[in-house]
Amino acid sequence: MIAIFRKNVLLAVLCVVCQTSFAQRTWDVKSSRNAFQSHLHAGYKYLNPDRERALLEFQSAIQIALELDDNELIAEGFAGAAQALWYANDFRGAIDSMELSVQYFRKTSSVEDASGALRMLSNIYDEHGDYEKAFVTIREGL
């Protein structure tokens, strides 16, 4: 009888520990998603007045998204970083970041988001003077 009681107590404790651990992970994910959104919004806020600060905010957002292993958030972070680099006339960095954004959006199966990223990438190629890549990329995004 005592053995059965001990077994039931052990199972009950294990259930409480598992539930607490799950609740903590859920809270951590929610907290991390909120932090990601804060950094992403700050990045866009500082895009024109302070591009270096904007880029740091986008990099922080990307780091959080990578820790969450969330492809959509990673793609959004790289798209923001690409804009900051583009506005700073760092076309190579902008192209590299936007290509990563496209790759991650494709992993989410979001055709609309991938198309939007491809259109932005086409605009960067166009401004960079690579008209052939701009044309190919915009056709791919349609």
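Structural remarks
- Cβ crowding within 10 Å averaged over residues, with 75-82, 132-139 ranked highest first: 75-82, 132-139
- Per-peptide packing, taken as the mean over residues of other Cβ atoms within 10 Å, places 119-125, 28-34, 38-44, 89-95 in the sequence 119-125, 38-44, 89-95, 28-34 from highest down.
- Percentage relative contact order, region 26-142, counting C-alpha pairs under 8 Å, at least six apart: 18 percent
FYI, it's all coordinate maths here, none of it is from the lab. What you see is a predicted model, and the numbers here were worked out from it, not measured in a lab. Backbone-built Cβ (ideal geometry, glycine too); neighbour counts: all protein chains shown.
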